[in-house]
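Colleague: My structure is below; once you've seen it, I'll send some questions.
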Amino acid sequence: MEADSASIGLYHAEVQKALVAEHAQLQEMQAIKEDLRATRDLVLDLPSRLRHQVFVPFGPHAFFPGQLQHTNELTVHLGANHYATVTAKHAAGVLKRREASIDRAISACQQQVDAHDARLRLASGEVLGLGGDPEEREIRESYEESEALLASARAAAQRSKQKPGLAPSTGQESHGQPGPAEG
C-alpha cells in the first residue's frame with residue numbers, strides 16, 4: 001500500500017507540531033535547571049554571613065528594606081505537601097538531586113526531539129537521498145508488483161525461445177542450411 005502525498009503531508013505536519021512541542025518542553029526544562037543551579041549557589045552562599053540586607057516585598061508593588069537572619073535554616077518542600085526545616089548544606093544536596101533528576105528528563109526529551117527529527121527527515125525524503133524536495137519521489141514497487149513483472153519477463157523470454165526459427169534445445173538456426181556439425 002503506497003502513501004499518497006496528502007497523507008505524507010499530514011504526517012509531516014503532525015511530526016512538525018510534536019517537534020515544536022518537544023523543543024518548548026526542552027527549553028522549559030533547561031530554564032528550570034538554570035533556576036535550580038542559581039538557587040543552589042545562593043543557598044550555599046547564604047550561611048557565609050550572619051545577616052543579609054534585602055528588599056522585602058510588601059504587596060505586588062511595594063518593597064521596603066529588611067534583613068535576613070538565621071540564613072542556615074531553610075524550609076524545603078519534600079513533595080506531597082510535606083516540608084522539612086534543614087540546613088543550607090542539606091538544602092543544597094536536595095537541589096543537586098533535583099538538578100540530576102531534571103538532567104535525566106532533559107536527556108529523555110532530547111532523545112524524543114532526535115526521534116521526531118528523524119521522522120521529519122524521513123517524511124520529507126531526506127533519508128531516501130531525495131534531499132527533501134517535494135517534487136522528487138522515489139519509485140517503489142511492492143513485492144507482488146515485482147513478482148508479476150518478473151513472471152511476465154520470464155514468460156516473454158520463454159516465448160522468444162520458442163519462435164519457429166530457433167531450435168529450442170541448441171539455440172541453432174534450422175533454415176535448411178548446414179551448420180558446422182552437419183557438414
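Colleague: Step by step: first the residues of region 66-91, then only those that are among the hydrophobic types (A, V, I, L, M, F, W, C) and over 30 Å from residue 21 (Cβ atoms), then the one that is modelled with the lowest pLDDT. Which residue is that?
Modeller: Among residues in region 66-91 that are among the hydrophobic types (A, V, I, L, M, F, W, C) and over 30 Å from residue 21 (Cβ atoms), the one modelled with the lowest pLDDT is 68.
Colleague: Still on this structure, I have one more. Assigned to a loop (DSSP other than H, G, I, E, B) and open to solvent by 100 Å² or more (accessible area, probe 1.4 Å): does that describe residue 50?
Modeller: yes
Colleague: Please pick out the residue among 56, 43 that is surrounded by 11 or more Cβ atoms within 10 Å (Cβ to Cβ) and outside any helix (DSSP H, G or I).
Modeller: On the way: 43 fails: outside any helix (DSSP H, G or I).
None of the others qualify; the one that does is 56.
Colleague: Has region 85-106 got any residue that is over 28 Å from the mean Cα position of the chain (by Cα), of a type in the set (Asp, Glu) and surrounded by fewer than 15 Cβ atoms within 10 Å (Cβ to Cβ)?
Modeller: no
Colleague: Next question. For residues in region 13-40 being open to solvent by 60 Å² or more (accessible area, probe 1.4 Å), in contact (Cβ under 8 Å) with a residue 60 or more places away in the chain and of a type outside the set (S, T, N, Q), which is farthest from residue 145 (Cα to Cα)?
Modeller: Per the criteria, the residue is 37.
Residues checked against (1) at pLDDT 65 or above; (2) small (Gly, Ala, Ser):
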{"position": "93", "(1), (2)": "yes, yes"}
{"position": "104", "(1), (2)": "yes, no"}
{"position": "111", "(1), (2)": "yes, no"}
{"position": "118", "(1), (2)": "yes, yes"}
{"position": "126", "(1), (2)": "no, no"}
{"position": "131", "(1), (2)": "no, yes"}
{"position": "147", "(1), (2)": "yes, no"}
{"position": "165", "(1), (2)": "no, yes"}
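The values are calculated or read from the model by the stated rules, or taken from the named source; none is laboratory data. None of these values were measured; they are calculated from a predicted model. Reconstructed Cβ throughout: ideal geometry from the backbone, glycine too, with neighbour counts over all protein chains shown. Surface areas here come from the heavy atoms of the whole protein model, side chains and all, with no ligands, DNA or RNA. Shrake-Rupley method; radii C 1.70, N 1.55, O 1.52, S 1.80 Å.
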